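The values are calculated or read from the model by the stated rules, or taken from the named source; none is laboratory data. For clarity, every value in this text was computed on a predicted model and none was experimentally measured. Counting neighbours? That spans all protein chains shown, and the Cβs are built from the backbone with ideal geometry, glycine included. What goes into the accessible areas is simple: the full protein's heavy atoms, side chains included, and nothing from ligands, DNA or RNA. Shrake-Rupley method; radii C 1.70, N 1.55, O 1.52, S 1.80 Å.
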Amino acid sequence: MVVALLQSTQGQVNPDPRMPPKPYPAAPRLADGTPNLGPVEPNKGYWHLKQVQDYKQVLMHPKEIPYQPWAKAMAMQRRAELSKYDPQGYCMPPSGPRLMTTPFPMEILQMSEQKRIVMIYEGGTHIWRIVYMDGRKHPEPDVMNPTWLGHSVGRWEGDTLVVDVVGFNEGSWIDMVGDPHTDRLHLVERFTRKDLYTLRYEATIDDPGAYTEPWTIGFDIVWDDRGEIQEYICQENSPWMRKLFAEWERTRR
């Protein structure tokens, strides 16, 4: 019932693309042999993100989310409130793995000469992130400026892009139902294009401020070879905010 109410409140639907029959073609590569995580035709295609509201649904290990007592209490309270105070519902940015579970298209742009990768998200306040591929380290903690998306550095392990992220502020929720994090969050993401139409995403959440041990989620994302990212303005299109404003109006009567 909670899931149904949350879906009704946010009103977000991202229909599945029509997929060709299997087996799918092999994963494409760039001219230098690096796996191509983006389009194979100019200006065509995107990764079709699907909504995952509760990361228990995609938990790989351990078997349960290893909450510290305060974090579990907060998560259960947010669930009981049906995520009414979810920052993303108020058009604040998602961060960490929630970028990959907000049901809007995204693209991965590999800029080999600039030694960076840019990820563009249609939803999540139409945001982007930069992954530095030039071998740099994270800034020292005493000079790190905590941000919504953190500081991302990447490297290739075989055909898998591994992205290491630190420097988060505490403004976001890890998932829609309200699992919290602190500014000690250290995220390790793994992106593997298994074939032309399948991207494997895994994320290990290591936050000693909120959890007793690291935990990992994982799922597959499909490629829509006919899609194009569109303009999306959260403040104009948020049924979540409209519902809250309607409730506020009713309390004034």
(message) Out of everything in segment 171-222 that is outside any loop (DSSP other than H, G, I, E, B) and touching a Gly at 6+ places or on another chain (Cβ under 6 Å), what residue ends up being least open to solvent (accessible area, probe 1.4 Å)?
(response) Leu187
(message) As an exercise: evaluate Pro97 against (1) modelled with pLDDT of 95 or more; (2) touching a helix residue (DSSP H, G or I) at 6+ places or on another chain (Cβ under 6 Å) and give the number of the one condition it does not meet.
(response) (2)
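Being at pLDDT 95 or above and hydroxyl-bearing (Ser, Thr, Tyr), is that true of even one residue in segment 241-252? Full working, then the answer.
Start the filter on segment 241-252 by keeping residues that are at pLDDT 95 or above, which leaves none.
No, that holds for no residue.
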(message) Can you find, within segment 16-31, the residue that is nearest to Thr192 (Cα to Cα) among those that are part of a loop (DSSP other than H, G, I, E, B) and of a type in the set (D, E, K, R)?
(response) Lys22
(message) Pairs needed: first member in segment 95-118, over 19 Å from Gly38 (Cβ atoms); second member anywhere, among the acidic types (Asp, Glu); C-beta distance under 8 Å; at least 6 residues apart or different chains.
(response) Pro97/Asp175; Pro97/Glu189; Arg98/Asp175; Thr101/Asp175
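Okay, residues lined up against (1) charged (D, E, K, R); (2) under 21 Å from Trp47 (Cβ atoms); (3) modelled with pLDDT of 95 or more:
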site	(1), (2), (3)
Thr147	no, no, yes
Asp159	yes, yes, yes
Thr204	no, yes, yes
Pro208	no, no, yes
Tyr211	no, no, yes
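Yes/no matrix, rows are residues, columns are (1) in contact with a Gly (Cβ under 7 Å, 6 or more places away or on another chain); (2) within 30 Å of Asp225 (Cα to Cα); (3) open to solvent by 10 Å² or more (accessible area, probe 1.4 Å):
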| residue | (1), (2), (3) |
| --- | --- |
| Pro94 | yes, yes, no |
| Met106 | no, yes, no |
| Ser112 | no, yes, yes |
| Arg129 | no, yes, yes |
| Lys137 | no, no, yes |
(message) Any residue at all in segment 72-89 that's touching an Asp or Glu at 6+ places or on another chain (Cβ under 6 Å), farther than 16 Å from Leu196 by Cβ and of a type outside the set (D, E, K, R)?
(response) yes
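Of all the residues that make up segment 63-91, how many are at pLDDT 95 or above, open to solvent by 30 Å² or more (accessible area, probe 1.4 Å) and within 20 Å of the chain's Cα centre (by Cα)?
Within segment 63-91, the first condition is being at pLDDT 95 or above, and the residues that meet it are 63-80.
Imposing the further condition that a residue be open to solvent by 30 Å² or more (accessible area, probe 1.4 Å) reduces the set to 63-64, 67-70, 72-74, 76-80.
When the remaining residues are screened for being within 20 Å of the chain's Cα centre (by Cα), the result is 78-79.
Qualifying residue count for the region: 2.
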(message) Looking at segment 126-164 only, could you name the residues that are closer than 25 Å to Arg29 by Cα and β-branched (Val, Ile, Thr)?
(response) Ile130, Val131, Val153, Thr160, Val162, Val163
(request) Please work out if Gly124 is touching a residue at least 12 places away in the same chain (Cβ under 8 Å) and closer than 18 Å to Thr102 by Cα. (result) yes
(message) For segment 139-166: of the residues being surrounded by 12 or more Cβ atoms within 10 Å (Cβ to Cβ) and β-branched (Val, Ile, Thr), which is nearest to Thr198 (Cα to Cα)?
(response) Thr160
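Quick check on Thr125: is it buried (at least 16 other Cβ atoms within 10 Å of the Cβ), closer than 21 Å to Ala203 by Cβ and in contact with a Cys (Cβ under 8 Å, 6 or more places away or on another chain)? Outline the logic, then answer.
Details: buried (at least 16 other Cβ atoms within 10 Å of the Cβ): yes; closer than 21 Å to Ala203 by Cβ: yes; in contact with a Cys (Cβ under 8 Å, 6 or more places away or on another chain): yes.
Yes.
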(request) Determine if segment 76-94 includes at least one residue that is touching a Leu at 6+ places or on another chain (Cβ under 8 Å), basic (Lys, Arg) and within 29 Å of Lys44 (Cα to Cα). (result) no
